[in-house]
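The values are calculated or read from the model by the stated rules, or taken from the named source; none is laboratory data. Treat the numbers as computed from the prediction; the structure is a model and nothing was measured. Using ideal geometry, Cβ is built from the backbone for each residue, glycine included, and neighbour counts are taken over all protein chains shown. When the accessible area is computed, the model is the full protein with side chains, heavy atoms only, and any ligands, DNA or RNA have been set aside. Shrake-Rupley method; radii C 1.70, N 1.55, O 1.52, S 1.80 Å.
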Amino acid sequence: MITSSQIRAARALLGIGQKELAELSDVSLPTIQRMEGSQGNVRSVVSSLSKVVDALERAGIELIGENTQSPSGGRGVRLKEPVRDLSA
């Protein structure tokens, strides 16, 4: 599974916008917007989700699941349990 936060973080690391991700993954811009607008795990048509994940991986992104090690090393980000509420 991939979360909406992972998609946004991946785009930020790549320095691309939603439109570029849509083009790289061959899905529509509204599909990317819906994926990123969801809460938690992205729920989408499996083929669309697979296209986005494949495009991110081809671009050099390694998606790290919760409690998963990153064996290939390299730089990246991981969201830990929040220390405090950032919305306040």
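Things to note:
- Selected residue (criterion: most open to solvent (accessible area, probe 1.4 Å)) from residues of the range 25-48 that are of a type in the set (A, V, I, L, M, F, W, C), farther than 13 Å from ILE7 by Cα and in a loop (DSSP other than H, G, I, E, B): VAL45
- Yes/no for VAL42 being aliphatic (A, V, I, L, M) and touching a strand residue (DSSP E or B) at 6+ places or on another chain (Cβ under 7 Å): yes
- Any hit, the range 1-16, residues being of a type in the set (Ser, Thr, Tyr), at pLDDT below 95 and in contact with a Leu (Cβ under 8 Å, 6 or more places away or on another chain): yes
- Selection count where residues are part of a helix (DSSP H, G or I) and surrounded by 12 or more Cβ atoms within 10 Å (Cβ to Cβ), scope the range 1-24: 16
- For the range 49-88, taking the residues that are modelled with pLDDT of 75 or more and small (Gly, Ala, Ser), the one that is least open to solvent (accessible area, probe 1.4 Å) is identified as ALA55.
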